[in-house]
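The values are calculated or read from the model by the stated rules, or taken from the named source; none is laboratory data. Since the model is a prediction, treat every value here as computed from it, not as a measurement. As a convention, Cβ positions derive from the backbone with ideal geometry for all residues, glycine included, and neighbour counts pool all protein chains shown.
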Amino acid sequence: MRIVPSLALGTLLALTASACGGSAPGGAAAPAGSGTIKIGSIHPLTGPLAFDGQQMSKAVKLAAEQINAGGGIKSLGGAKLEILDADSQGKPEVGQSEAQRLTQAGAVALVGPYQSAVAAQIATVAERSKVPFVIDVASADDILKQGYTFTFRLQPSSDTLGRYGARHLKELAERTGQQIAKVAYLHEQTDYGTATYKSFSDEAAKLGLQVGPEITYDALKTADLTTELTKIKAAGVDALAVTGYYRDGLLTAKAIASVQPGVKLVLGVSHGAFSSPVFPRDGGAAAEGIYDSNFNYDATKPETKAILDAFQARHGEELRFIPFTSYEVVRLIAAALEKAASRDPVKIREALAGISFDTLMAFDGPVQFDQTGQNKNATPIVLQVQQGKVVPVHPAAKAVAEPKPQAK
(Lines give C-alpha, C1' and ligand atoms only; values in the text may rest on other atoms or scores of the structure.)
Protein backbone atom coordinates (compact mmCIF):
# COMPACT_ATOMS: atom_id res chain seq x y z
CA MET A 1 0.00 0.00 0.00
CA ARG A 2 1.50 3.33 -1.04
CA ILE A 3 0.90 6.19 1.40
CA VAL A 4 1.16 9.58 -0.28
CA PRO A 5 2.14 12.74 1.63
CA SER A 6 -0.75 13.84 3.82
CA LEU A 7 -0.60 17.48 2.74
CA ALA A 8 -0.88 18.53 -0.88
CA LEU A 9 1.13 21.48 -2.19
CA GLY A 10 -1.85 23.81 -2.13
CA THR A 11 -2.57 22.96 1.49
CA LEU A 12 1.06 23.48 2.45
CA LEU A 13 1.14 26.88 0.81
CA ALA A 14 -2.07 27.86 2.56
CA LEU A 15 -0.60 26.75 5.87
CA THR A 16 2.49 28.92 5.48
CA ALA A 17 0.56 31.88 6.79
CA SER A 18 -1.31 29.94 9.47
CA ALA A 19 1.99 28.52 10.75
CA CYS A 20 2.80 32.00 12.02
CA GLY A 21 0.00 31.76 14.58
CA GLY A 22 0.32 30.71 18.20
CA SER A 23 0.35 27.21 19.65
CA ALA A 24 0.18 25.68 23.07
CA PRO A 25 3.44 26.19 24.96
CA GLY A 26 5.74 23.16 24.77
CA GLY A 27 3.90 21.41 21.92
CA ALA A 28 1.50 21.49 19.00
CA ALA A 29 -1.88 23.11 19.48
CA ALA A 30 -4.31 20.54 20.88
CA PRO A 31 -8.07 20.70 21.39
CA ALA A 32 -9.59 20.42 24.81
CA GLY A 33 -10.41 16.99 26.14
CA SER A 34 -8.58 13.69 25.89
CA GLY A 35 -8.94 13.08 22.16
CA THR A 36 -5.41 13.98 21.12
CA ILE A 37 -2.80 11.48 19.96
CA LYS A 38 0.44 12.01 21.86
CA ILE A 39 3.82 11.73 20.15
CA GLY A 40 7.01 12.03 22.16
CA SER A 41 9.82 14.19 20.76
CA ILE A 42 13.28 13.71 22.33
CA HIS A 43 16.13 15.96 21.17
CA PRO A 44 19.14 17.82 22.68
CA LEU A 45 17.44 21.10 23.59
CA THR A 46 20.35 22.20 25.79
CA GLY A 47 24.08 21.63 25.57
CA PRO A 48 26.54 21.87 22.64
CA LEU A 49 24.02 20.54 20.10
CA ALA A 50 21.13 22.67 21.33
CA PHE A 51 20.56 24.74 18.19
CA ASP A 52 20.03 21.72 15.97
CA GLY A 53 18.04 20.01 18.71
CA GLN A 54 15.78 23.01 19.14
CA GLN A 55 15.22 23.21 15.39
CA MET A 56 14.33 19.52 15.35
CA SER A 57 11.78 20.13 18.09
CA LYS A 58 10.34 23.12 16.21
CA ALA A 59 10.11 21.07 13.01
CA VAL A 60 8.27 18.28 14.82
CA LYS A 61 5.75 20.78 16.16
CA LEU A 62 5.31 22.48 12.79
CA ALA A 63 4.53 19.15 11.14
CA ALA A 64 1.96 18.34 13.84
CA GLU A 65 0.38 21.80 13.54
CA GLN A 66 0.06 21.45 9.77
CA ILE A 67 -1.39 17.95 10.00
CA ASN A 68 -3.90 19.17 12.58
CA ALA A 69 -4.83 22.17 10.42
CA GLY A 70 -5.34 19.79 7.48
CA GLY A 71 -7.97 17.79 9.36
CA GLY A 72 -5.94 15.63 11.71
CA ILE A 73 -5.94 11.84 11.45
CA LYS A 74 -9.02 11.26 9.33
CA SER A 75 -9.27 7.51 9.93
CA LEU A 76 -9.59 8.35 13.63
CA GLY A 77 -12.31 10.94 13.21
CA GLY A 78 -9.95 13.88 12.74
CA ALA A 79 -8.02 13.27 15.95
CA LYS A 80 -5.29 15.84 16.50
CA LEU A 81 -1.61 15.25 17.24
CA GLU A 82 -0.10 16.52 20.49
CA ILE A 83 3.67 16.77 20.83
CA LEU A 84 5.24 15.92 24.19
CA ASP A 85 8.66 17.60 24.22
CA ALA A 86 11.72 16.27 26.03
CA ASP A 87 15.34 17.38 26.37
CA SER A 88 17.93 14.61 26.12
CA GLN A 89 20.69 17.11 27.01
CA GLY A 90 22.78 15.04 24.63
CA LYS A 91 23.16 12.39 27.35
CA PRO A 92 22.20 8.73 26.77
CA GLU A 93 20.93 8.19 30.31
CA VAL A 94 18.77 11.31 30.16
CA GLY A 95 17.35 10.28 26.79
CA GLN A 96 16.44 6.92 28.27
CA SER A 97 14.69 8.38 31.31
CA GLU A 98 12.83 10.91 29.17
CA ALA A 99 11.65 8.12 26.87
CA GLN A 100 10.29 6.29 29.90
CA ARG A 101 8.54 9.45 31.09
CA LEU A 102 6.92 10.08 27.71
CA THR A 103 5.67 6.52 27.23
CA GLN A 104 4.21 6.60 30.73
CA ALA A 105 2.54 9.90 29.81
CA GLY A 106 0.73 8.18 26.94
CA ALA A 107 2.94 8.75 23.91
CA VAL A 108 1.99 6.20 21.22
CA ALA A 109 5.18 6.87 19.24
CA LEU A 110 8.58 8.46 19.80
CA VAL A 111 10.74 10.56 17.45
CA GLY A 112 14.37 11.62 17.91
CA PRO A 113 17.08 12.02 19.03
CA TYR A 114 20.09 13.21 16.83
CA GLN A 115 22.89 11.29 18.60
CA SER A 116 23.41 7.57 18.12
CA ALA A 117 24.38 6.89 21.73
CA VAL A 118 21.12 8.47 22.88
CA ALA A 119 19.10 6.60 20.23
CA ALA A 120 20.50 3.27 21.45
CA GLN A 121 19.11 3.91 24.92
CA ILE A 122 15.73 5.16 23.72
CA ALA A 123 15.39 2.02 21.60
CA THR A 124 15.63 -0.19 24.69
CA VAL A 125 12.73 1.72 26.24
CA ALA A 126 10.67 1.52 23.05
CA GLU A 127 11.14 -2.24 22.83
CA ARG A 128 10.31 -2.81 26.48
CA SER A 129 7.26 -0.52 26.34
CA LYS A 130 6.15 -1.76 22.89
CA VAL A 131 5.91 1.80 21.59
CA PRO A 132 7.23 2.52 18.07
CA PHE A 133 10.34 4.68 17.94
CA VAL A 134 11.23 6.32 14.62
CA ILE A 135 14.78 7.64 14.50
CA ASP A 136 15.01 10.89 12.60
CA VAL A 137 18.78 11.36 12.85
CA ALA A 138 21.19 8.83 14.41
CA SER A 139 23.06 6.68 11.95
CA ALA A 140 25.09 4.10 13.92
CA ASP A 141 24.56 0.62 12.50
CA ASP A 142 24.54 -1.18 15.86
CA ILE A 143 21.24 0.42 16.90
CA LEU A 144 19.30 -1.78 14.47
CA LYS A 145 21.40 -4.92 14.96
CA GLN A 146 19.73 -5.90 18.23
CA GLY A 147 16.73 -7.71 16.79
CA TYR A 148 14.39 -4.87 17.71
CA THR A 149 10.87 -4.79 16.26
CA PHE A 150 9.63 -1.40 17.49
CA THR A 151 12.57 0.73 16.29
CA PHE A 152 12.75 2.25 12.80
CA ARG A 153 15.09 4.69 11.08
CA LEU A 154 14.23 7.17 8.32
CA GLN A 155 17.74 8.32 7.40
CA PRO A 156 20.49 6.16 5.84
CA SER A 157 22.63 4.02 8.13
CA SER A 158 26.28 4.79 8.81
CA ASP A 159 27.21 1.93 6.50
CA THR A 160 25.19 3.40 3.62
CA LEU A 161 26.45 6.93 4.29
CA GLY A 162 30.08 5.79 4.42
CA ARG A 163 29.90 3.63 1.31
CA TYR A 164 28.13 6.30 -0.73
CA GLY A 165 30.59 8.89 0.55
CA ALA A 166 33.49 6.97 -0.96
CA ARG A 167 31.65 6.47 -4.23
CA HIS A 168 30.65 10.11 -4.36
CA LEU A 169 34.23 11.25 -3.77
CA LYS A 170 35.48 9.20 -6.69
CA GLU A 171 32.60 10.34 -8.91
CA LEU A 172 33.16 14.01 -8.03
CA ALA A 173 36.86 13.70 -8.81
CA GLU A 174 36.01 12.27 -12.21
CA ARG A 175 33.35 14.89 -12.95
CA THR A 176 35.65 17.79 -12.00
CA GLY A 177 38.80 16.37 -13.60
CA GLN A 178 40.72 15.80 -10.35
CA GLN A 179 43.24 12.99 -9.80
CA ILE A 180 42.53 11.52 -6.36
CA ALA A 181 44.54 8.62 -4.93
CA LYS A 182 45.11 9.34 -1.22
CA VAL A 183 42.39 10.49 1.20
CA ALA A 184 42.75 11.65 4.80
CA TYR A 185 39.76 11.19 7.11
CA LEU A 186 38.95 13.55 10.00
CA HIS A 187 36.03 12.59 12.25
CA GLU A 188 34.48 13.05 15.66
CA GLN A 189 35.24 10.10 17.92
CA THR A 190 31.85 8.58 18.84
CA ASP A 191 30.05 5.70 17.11
CA TYR A 192 28.64 8.13 14.55
CA GLY A 193 32.01 9.23 13.21
CA THR A 194 33.78 5.93 13.72
CA ALA A 195 31.18 3.76 11.98
CA THR A 196 30.90 6.16 9.04
CA TYR A 197 34.68 6.21 8.67
CA LYS A 198 34.92 2.42 8.68
CA SER A 199 32.34 1.99 5.92
CA PHE A 200 33.95 4.77 3.88
CA SER A 201 37.38 3.21 4.26
CA ASP A 202 36.17 -0.27 3.28
CA GLU A 203 34.40 1.03 0.17
CA ALA A 204 37.27 3.33 -0.78
CA ALA A 205 39.66 0.37 -0.78
CA LYS A 206 37.40 -1.41 -3.27
CA LEU A 207 37.51 1.70 -5.46
CA GLY A 208 41.31 1.83 -5.45
CA LEU A 209 41.60 4.75 -3.02
CA GLN A 210 44.14 4.81 -0.18
CA VAL A 211 42.66 6.13 3.08
CA GLY A 212 44.88 7.59 5.81
CA PRO A 213 45.70 9.13 8.10
CA GLU A 214 42.57 8.74 10.24
CA ILE A 215 42.40 11.58 12.76
CA THR A 216 39.75 11.82 15.50
CA TYR A 217 38.62 14.48 17.98
CA ASP A 218 36.05 15.08 20.73
CA ALA A 219 33.28 17.15 19.14
CA LEU A 220 31.87 18.30 22.48
CA LYS A 221 35.16 19.62 23.84
CA THR A 222 37.40 20.70 20.98
CA ALA A 223 37.89 24.45 20.46
CA ASP A 224 40.38 24.35 17.59
CA LEU A 225 41.31 21.83 14.88
CA THR A 226 44.46 23.50 13.55
CA THR A 227 46.72 20.76 14.92
CA GLU A 228 44.65 18.08 13.21
CA LEU A 229 44.74 19.92 9.87
CA THR A 230 48.50 20.43 10.18
CA LYS A 231 48.91 16.66 10.44
CA ILE A 232 46.77 16.22 7.35
CA LYS A 233 48.87 18.76 5.44
CA ALA A 234 52.03 16.89 6.40
CA ALA A 235 50.55 13.64 5.07
CA GLY A 236 50.43 14.99 1.52
CA VAL A 237 47.01 13.60 0.63
CA ASP A 238 44.86 14.50 -2.39
CA ALA A 239 41.51 14.80 -0.61
CA LEU A 240 40.00 15.18 2.84
CA ALA A 241 36.83 13.45 4.07
CA VAL A 242 35.20 14.77 7.24
CA THR A 243 32.44 13.59 9.59
CA GLY A 244 31.24 15.75 12.48
CA TYR A 245 28.59 18.03 13.93
CA TYR A 246 27.81 21.69 13.28
CA ARG A 247 30.02 23.55 15.75
CA ASP A 248 33.10 21.44 15.04
CA GLY A 249 32.30 21.66 11.33
CA LEU A 250 32.83 25.41 11.50
CA LEU A 251 36.11 24.80 13.29
CA THR A 252 37.13 22.38 10.53
CA ALA A 253 36.37 24.89 7.76
CA LYS A 254 38.30 27.64 9.54
CA ALA A 255 41.26 25.35 10.15
CA ILE A 256 41.31 24.33 6.48
CA ALA A 257 41.35 27.99 5.45
CA SER A 258 44.12 28.75 7.94
CA VAL A 259 46.38 25.75 7.41
CA GLN A 260 45.81 25.38 3.64
CA PRO A 261 46.43 21.61 3.59
CA GLY A 262 46.73 21.55 -0.20
CA VAL A 263 43.98 19.00 -0.85
CA LYS A 264 42.07 19.07 -4.14
CA LEU A 265 38.71 18.15 -2.63
CA VAL A 266 37.04 18.43 0.80
CA LEU A 267 34.03 16.17 1.23
CA GLY A 268 31.83 15.94 4.28
CA VAL A 269 30.45 12.44 4.80
CA SER A 270 27.13 12.68 6.65
CA HIS A 271 28.36 15.97 8.09
CA GLY A 272 26.21 17.98 10.47
CA ALA A 273 27.41 21.35 9.14
CA PHE A 274 28.39 21.26 5.50
CA SER A 275 24.84 20.80 4.13
CA SER A 276 23.25 23.33 6.47
CA PRO A 277 21.81 26.44 4.77
CA VAL A 278 23.49 28.64 7.39
CA PHE A 279 26.94 27.08 6.99
CA PRO A 280 27.97 29.45 4.15
CA ARG A 281 26.99 32.45 6.28
CA ASP A 282 28.72 31.23 9.42
CA GLY A 283 31.77 29.84 7.62
CA GLY A 284 32.18 32.73 5.20
CA ALA A 285 34.87 32.30 2.55
CA ALA A 286 36.15 29.19 4.36
CA ALA A 287 32.92 27.35 3.49
CA GLU A 288 32.99 28.06 -0.24
CA GLY A 289 33.41 24.98 -2.43
CA ILE A 290 33.12 22.36 0.32
CA TYR A 291 31.07 19.28 -0.62
CA ASP A 292 28.89 17.09 1.56
CA SER A 293 27.61 13.59 0.80
CA ASN A 294 24.52 13.42 2.98
CA PHE A 295 20.83 12.69 3.30
CA ASN A 296 18.83 15.79 2.44
CA TYR A 297 15.43 17.05 1.43
CA ASP A 298 14.54 17.00 -2.26
CA ALA A 299 15.11 20.59 -3.37
CA THR A 300 13.54 19.87 -6.77
CA LYS A 301 10.05 19.50 -5.27
CA PRO A 302 7.84 22.58 -4.77
CA GLU A 303 6.29 20.99 -1.66
CA THR A 304 9.72 21.18 -0.02
CA LYS A 305 9.95 24.91 -0.60
CA ALA A 306 6.51 25.39 0.95
CA ILE A 307 7.70 23.70 4.15
CA LEU A 308 10.92 25.72 4.26
CA ASP A 309 8.92 28.92 3.76
CA ALA A 310 6.46 27.95 6.52
CA PHE A 311 9.29 27.33 8.97
CA GLN A 312 10.94 30.64 8.07
CA ALA A 313 7.66 32.49 8.56
CA ARG A 314 6.96 30.69 11.84
CA HIS A 315 10.40 31.05 13.45
CA GLY A 316 12.32 33.69 11.51
CA GLU A 317 15.14 31.26 10.72
CA GLU A 318 16.06 28.84 7.95
CA LEU A 319 15.15 25.20 8.44
CA ARG A 320 18.28 23.07 8.31
CA PHE A 321 18.37 19.72 6.52
CA ILE A 322 18.66 17.70 9.75
CA PRO A 323 15.48 19.12 11.34
CA PHE A 324 13.68 18.63 8.02
CA THR A 325 14.12 14.91 8.66
CA SER A 326 12.36 15.33 12.01
CA TYR A 327 9.49 17.03 10.20
CA GLU A 328 9.24 14.08 7.81
CA VAL A 329 9.17 11.54 10.65
CA VAL A 330 6.03 13.16 12.06
CA ARG A 331 4.38 12.98 8.65
CA LEU A 332 5.43 9.34 8.45
CA ILE A 333 3.94 8.56 11.86
CA ALA A 334 0.74 10.36 10.84
CA ALA A 335 0.57 8.19 7.72
CA ALA A 336 1.00 5.08 9.89
CA LEU A 337 -1.81 6.30 12.15
CA GLU A 338 -4.04 6.75 9.11
CA LYS A 339 -3.19 3.27 7.90
CA ALA A 340 -3.64 1.64 11.31
CA ALA A 341 -6.85 3.56 12.08
CA SER A 342 -5.92 2.93 15.69
CA ARG A 343 -4.18 4.54 18.66
CA ASP A 344 -2.76 1.17 19.72
CA PRO A 345 1.06 1.41 19.56
CA VAL A 346 1.33 -2.23 18.47
CA LYS A 347 -0.97 -1.60 15.50
CA ILE A 348 0.91 1.60 14.66
CA ARG A 349 4.10 -0.44 14.69
CA GLU A 350 2.54 -2.96 12.30
CA ALA A 351 1.50 -0.13 9.98
CA LEU A 352 5.03 1.28 9.98
CA ALA A 353 6.55 -2.11 9.24
CA GLY A 354 4.48 -2.45 6.08
CA ILE A 355 4.32 1.16 4.96
CA SER A 356 5.26 2.68 1.60
CA PHE A 357 5.41 6.43 2.17
CA ASP A 358 6.21 9.04 -0.48
CA THR A 359 8.73 11.22 1.31
CA LEU A 360 10.08 14.67 0.50
CA MET A 361 13.59 13.46 1.30
CA ALA A 362 15.93 12.99 -1.68
CA PHE A 363 15.92 9.20 -1.42
CA ASP A 364 15.89 6.49 -4.09
CA GLY A 365 12.24 5.68 -3.46
CA PRO A 366 9.44 5.76 -0.90
CA VAL A 367 10.07 5.02 2.77
CA GLN A 368 9.95 1.24 3.18
CA PHE A 369 11.48 -0.58 6.12
CA ASP A 370 13.42 -3.84 6.02
CA GLN A 371 13.24 -6.46 8.77
CA THR A 372 15.71 -4.56 10.95
CA GLY A 373 13.71 -1.33 10.78
CA GLN A 374 16.06 0.44 8.36
CA ASN A 375 14.52 2.49 5.54
CA LYS A 376 15.89 0.51 2.61
CA ASN A 377 15.49 3.34 0.09
CA ALA A 378 17.36 5.95 2.15
CA THR A 379 20.38 7.23 0.24
CA PRO A 380 22.53 10.39 0.33
CA ILE A 381 23.14 12.98 -2.37
CA VAL A 382 26.01 15.46 -2.81
CA LEU A 383 25.67 19.14 -2.02
CA GLN A 384 28.22 21.93 -2.42
CA VAL A 385 28.63 25.48 -1.16
CA GLN A 386 28.50 27.67 -4.27
CA GLN A 387 28.44 31.47 -4.11
CA GLY A 388 27.24 31.46 -0.53
CA LYS A 389 24.50 28.84 -0.92
CA VAL A 390 24.30 25.09 -0.38
CA VAL A 391 23.04 23.46 -3.58
CA PRO A 392 22.53 19.82 -4.65
CA VAL A 393 25.05 18.91 -7.36
CA HIS A 394 25.04 15.09 -7.65
CA PRO A 395 23.47 12.85 -8.88
CA ALA A 396 21.93 14.72 -11.80
CA ALA A 397 18.33 13.66 -11.00
CA LYS A 398 18.48 15.47 -7.62
CA ALA A 399 20.80 18.32 -8.64
CA VAL A 400 20.08 21.98 -9.29
CA ALA A 401 23.68 22.89 -10.23
CA GLU A 402 26.88 21.31 -11.58
CA PRO A 403 29.73 20.40 -9.19
CA LYS A 404 32.63 22.87 -9.32
CA PRO A 405 36.32 22.22 -8.64
CA GLN A 406 37.44 23.46 -5.24
CA ALA A 407 40.09 26.14 -4.84
CA LYS A 408 41.68 24.71 -1.70
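Here are a few things to note about the model shown:
- Tally, over the stretch 326-347, of residues that are surrounded by fewer than 24 Cβ atoms within 10 Å (Cβ to Cβ) and β-branched (Val, Ile, Thr): 1
- Any hit, the stretch 177-187, residues being without any contact (Cβ under 8 Å) to a residue 40 or more places away in the chain and either surrounded by fewer than 23 Cβ atoms within 10 Å (Cβ to Cβ) or assigned by TED's automatic domain parsing to the domain that holds residue 362 (or both): no
- Residue that is surrounded by the fewest Cβ atoms within 10 Å (Cβ to Cβ), among those in the stretch 369-382 that are closer than 15 Å to residue 144 by Cα and out of contact with any Asp or Glu (no Cβ under 7 Å at 6 or more places or on another chain): 371
- The C-beta contact set for the stretch 207-234 (first residue part of a strand (DSSP E or B) and surrounded by fewer than 15 Cβ atoms within 10 Å (Cβ to Cβ), second residue among the charged types (D, E, K, R) and modelled with pLDDT of 95 or more, distance under 6 angstrom, 6+ apart or interchain) comprises 210/182.
- The stretch 367-399, residues that are among the charged types (D, E, K, R) and over 16 Å from the mean Cα position of the chain (by Cα): 370, 389, 398
Conditions tested, residue by residue: (1) in a strand (DSSP E or B); (2) surrounded by fewer than 24 Cβ atoms within 10 Å (Cβ to Cβ).
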residue	(1), (2)
95	no, no
98	no, no
102	no, no
107	no, no
110	yes, no
114	no, no
119	no, no
122	no, no
128	no, yes
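- The numbered conditions (1) closer than 20 Å to residue 133 by Cβ; (2) crowded, with 21+ Cβ neighbours inside 10 Å are all true for residue 319 except (1).
- Filter pass, residue 147 being at pLDDT below 95, over 20 Å from the mean Cα position of the chain (by Cα) and either closer than 23 Å to residue 246 by Cβ or part of a loop (DSSP other than H, G, I, E, B) (or both): no
- Output for the stretch 235-266, where each listed residue is assigned to a helix (DSSP H, G or I), touching a residue at least 40 places away in the same chain (Cβ under 8 Å) and within 23 Å of residue 137 (Cα to Cα): 246, 247, 248, 252
- In the set (1) modelled with pLDDT of 95 or more; (2) farther than 19 Å from residue 243 by Cβ; (3) not acidic (Asp, Glu), the condition left unmet by residue 170 is number (2).
- Number of positions in the stretch 130-144 that are within 24 Å of residue 337 (Cβ to Cβ), part of a helix (DSSP H, G or I) and touching a residue at least 40 places away in the same chain (Cβ under 8 Å): 1
- Residues considered: 293, 276. Of these, the only one that is among the hydroxyl-bearing types (Ser, Thr, Tyr) and out of contact with any Leu (no Cβ under 7 Å at 6 or more places or on another chain) is 276.
- Remark: pairs (first residue in the stretch 359-382, within 22 Å of residue 168 (Cα to Cα); second residue hydroxyl-bearing (Ser, Thr, Tyr) and not in a strand (DSSP E or B); Cβ separation under 6 Å; 6+ apart in sequence or on different chains) = 360/304; 363/379; 364/379; 374/157; 380/164.
- With a requirement of 1 or more residues that are assigned by TED's automatic domain parsing to the domain that holds residue 74, the helices (runs of 4 or more DSSP H) lying completely within the stretch 276-383 that satisfy it span 302-315, 321-340, 345-353.
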